[in-house]
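For reference, the structure discussed in these notes is given below.
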Amino acid sequence: MQHANAHFRRDQRDLCSGEESTAAAIRTHGTGEWCRRTLGYRLDLEHASEKLREWCITEMDKTCPDIAASLHECFEAIDVKPLLAEINTPVLLLSGDKSRIASEQQKILAENLSHGRLELFAGYGHGVNLLQPERCARTALDFWRAVEGAQT
């Protein structure tokens, strides 16, 4: 997971006016402005309406910059890959196959979770839960029904 995270950090740094890290960019510009500048990393802009874009920025801006920056520092510093084999709970991962930040990470997760399943949404980037909510709900329902059926 660290390799994928390192690629993400490099891309974020480039988009944040040369700041030394994502956390520094969030602290410098504020959560909302940082989100606006990097929105394409967390939302497929080709499929998102302007209203949805603004909603995402507004919602993210509700998080204090220091908290958002600290969360990014945590995500970038911790390698969870060694812990994944110990997770025995069924896990459904939803991602767009064109997501610049999630596809690679989701594949790593799915490969290392003994009961993990990755559902890629063809032609979509990040934010499929916002862009295809009905399809996500159906996929989750089908997944949990299959899990329930396997347990009986």
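Whether any residue in region 121-139 is farther than 24 Å from E50 by Cα, without any contact (Cβ under 8 Å) to a residue 24 or more places away in the chain and either among the basic types (K, R) or crowded, with 16+ Cβ neighbours inside 10 Å (or both) is what I want to check.
Scanning region 121-139, I find at least one residue that is farther than 24 Å from E50 by Cα, without any contact (Cβ under 8 Å) to a residue 24 or more places away in the chain and either among the basic types (K, R) or crowded, with 16+ Cβ neighbours inside 10 Å (or both), so the answer is yes.
Condition first: crowded, with 20+ Cβ neighbours inside 10 Å, more than 30 Å from E148 (Cβ to Cβ), in the same structural domain as A146 (by TED's automatic domain parsing) and of a type in the set (A, V, I, L, M). Can you find one or more residues in region 24-42 that meet it?
No: region 24-42 contains no residue that is crowded, with 20+ Cβ neighbours inside 10 Å, more than 30 Å from E148 (Cβ to Cβ), in the same structural domain as A146 (by TED's automatic domain parsing) and of a type in the set (A, V, I, L, M).
What number of residues within region 94-120 satisfy the criterion of being surrounded by fewer than 14 Cβ atoms within 10 Å (Cβ to Cβ) and touching a strand residue (DSSP E or B) at 6+ places or on another chain (Cβ under 9 Å)?
Final tally of qualifying residues: 2.
Could we say that L83 is at negative phi and part of a strand (DSSP E or B) here?
No.
Do the conditions hold for E73, that is, is it free of Cβ contacts under 8 Å to residues at least 12 places away in the same chain, charged (D, E, K, R) and either out of contact with any Leu (no Cβ under 9 Å at 6 or more places or on another chain) or surrounded by 16 or more Cβ atoms within 10 Å (Cβ to Cβ) (or both)?
The answer is no for E73.
Applying the selection to region 121-145, what residues are on the phi < 0 side of the Ramachandran plot and in contact with a Lys or Arg (Cβ under 9 Å, 6 or more places away or on another chain)?
Listed by number, the residues that qualify are F121, A122, Y124, G125, H126, V128, F143.
Condition test on L45, is it of a type outside the set (D, E, K, R), within 16 Å of the chain's Cα centre (by Cα), surrounded by fewer than 17 Cβ atoms within 10 Å (Cβ to Cβ) and closer than 16 Å to V128 by Cα?
Yes.
Quick check on A24: is it at pLDDT below 95 and among the small types (G, A, S)?
It is true that A24 is at pLDDT below 95 and among the small types (G, A, S).
Can you tell me how many residues in region 59-80 are in contact with a helix residue (DSSP H, G or I) (Cβ under 6 Å, 6 or more places away or on another chain), closer than 30 Å to R135 by Cβ and not in a loop (DSSP other than H, G, I, E, B)?
Number satisfying all stated conditions: 3.
The values are calculated or read from the model by the stated rules, or taken from the named source; none is laboratory data. The model shown is predicted, which means the values in this text are computed figures rather than measured ones. Neighbour counts run over all protein chains shown; Cβ positions are idealised from the backbone, glycine included.
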